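The values are calculated or read from the model by the stated rules, or taken from the named source; none is laboratory data. Note that the structure is a prediction, hence the values are computed from the model and not measured. Quick reminder, even Gly has a Cβ in these numbers, built from the backbone with ideal geometry, and neighbours come from all protein chains shown. Just so you know, the surface numbers come from the protein's heavy atoms only, side chains and all, with ligands and any DNA or RNA stripped out. Shrake-Rupley method; radii C 1.70, N 1.55, O 1.52, S 1.80 Å.
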Amino acid sequence: MNNKYILDFPTINQKVNEHRLAYLDSAATTQKPSEVINAVNDYYNKFNANPHRGAYYLSIKATEIYENTREVVKNFIGAEKAKEIVFVKNATEGFNLLAYSYGMNFINPGDEIVISIAEHHSNLVPWQQVAKAKGAVLKYLYLNDEGIISTEEVESKITEKTKIVSVTQVSNVLGTINPIKDIIRKAHSVGAIAIVDGSQSIPHMSVNVRELDADFIVFSGHKMLSPMGIGVVYGKEELLEKMPPFIFGGDMIEYVWEQKATFAEVPYKFEGGTQNVGGAVGLTAAIRYLQNVGMDNIVNIEKDLVSYALEKLSEIPYITVYGSKDINKKAGVISFNVQDVHPHDVASILDASGVAIRAGHHCAHPLMRYMGVNATCRASFYLYNVREDIDALTEGLKSTRKWLGYGS
Ligand code: 7TS
């Protein structure tokens, strides 16, 4: 098998239902390399303590480790300052932080918030709440035939009334890559802030927040080899400074009196309560791993897998693939349907041969409705996948209709 990274991933190296596991659900969460698992193990064996609180060795060590992760993330995404990195639980919490802290305080009646129809519910439902509470309008960028936001759509929908634009760089359903730089430029030209959902891009390609000039970027560690329970909101310092805290309580305060409190400085005012230091350790190890592999290398591995998968899928007549088939406009995610077979049945049948795909609405109901489907099957790739996984997928797909009694 022509992939030297596979051996680093214990979960990938196992049999499922007596078949070699073909894990094709990395858009949901990624598997973890031994380096990450061992780093977390090591932390709990040697250093565990509550950070920012104690004056003793272990707590100082935990604080150092946690703050070091901020530096590592800062460098990984090209931010200017470590204080611009706020740790959250996941991307969902990140968008809630932005909606409740920025949206609820800086949006006024009649203002427009622009998102795309392809957003994950995490970057959609929080903005619905803001629009409802503030009397603002939630406007959508729709997709062209390739499943991408067009320049015309960006030019016509983002107007002087727009105050927030929040769009995903890569669709978790279609894998299509949006023209995020143009979207950010247009948002800034009308005085709006630009938020990027980097959940499906940062793990898979080189993303530099300063080059993009994004005001905020949000992503989850667990989709980039780190443990679950840690995510990131990058925000420009001047914006984070003017935003009030979102979660109130321990660790995020400066002074507390009976009837009032003052808050810690950025980024600590956004990090209420005991933080996930073990997760931070894992995130550092994950980023180190990705940097050693090289993001360009990851792009190439995924491009090869996507082009091979598209070719193999196109040979099966009863399969419909959604979105662009141009590998330069697409990351490692393919959505498809098998004629007359429900995606959940497809996924269960494939599981019998060790192939793990996602089936359903992928937390994108409005996109499903826009595409005119209830659900899709989704195969998503990462650096530990090989062409054999795609062979297992396509062989399995060929049997799905037969299982359900169709002739072919
Ligand atoms: N944004 C995008 C683009 C996503 O793909 C996801 C998760 C999220 C936000 C939310 O991330 P979380 O870590 O807070 O859950 N996407 C998926 C998926 O496609 N299948 O399972 C989770």
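Points worth noting:
- Over 20 Å between alpha carbons, listed pairs 303/325; 223/330; 186/303; 163/186; 157/186; 15/312: 186/303; 15/312
- Judged by the mean number of other Cβ atoms found within 10 Å, the most tightly packed of the peptides 45-55, 278-288, 147-157 leads the ranking 278-288, 147-157, 45-55.
- Peptide ranges 132-139, 297-304, 331-338 listed from the most packed, as the mean C-beta count within 10 angstrom indicates: 331-338, 297-304, 132-139
- Against the chain, whose longest principal axis is taken from its Cα atoms, helix 295-314 shows a tilt of about 30°.
- Rounded to the nearest 10 degrees, the angle from helix 180-189 to the longest Cα principal axis of the chain is 40 degrees.
- Charge dipole (debye, nearest 20) of the chain; +1 at Cβ of Lys and Arg, -1 at Cβ of Asp and Glu: 380 debye
- Under 14 Å, Cβ to Cβ, from residue 144 - net charge with Lys/Arg +1 and Asp/Glu -1: -3
- Cα-based Rg and Dmax for region 218-320, where Dmax is the largest Cα-Cα distance (Å): 21.1, 70
- Cα point-scatterer Debye curve for region 299-350, base-10 log of I(q)/I(0) at q = 0.13, 0.29, 0.30 Å⁻¹: -0.33, -1.15, -1.18
- Of all aspartates and glutamates in the structure, those lying under 12 Å Cα to Cα from residue 32, and not within fewer than 8 positions of it along the same chain, are 8.
- Once the Cα gyration tensor of region 36-291 is diagonalised, semi-axes √(5λ) in Å: 32, 22, 14
- With a simple spin-label model that places each label point 7 Å from the Cα along the Cα-to-Cβ direction, the separation between residue 42 and residue 105 comes to 3.9 nm.
- Region 29-88 versus region 156-212: alpha-carbon centroid distance in Å: 28 Å
- Accessible surface, the chain, averaged per residue in Å² (probe 1.4 Å): 41 Å²
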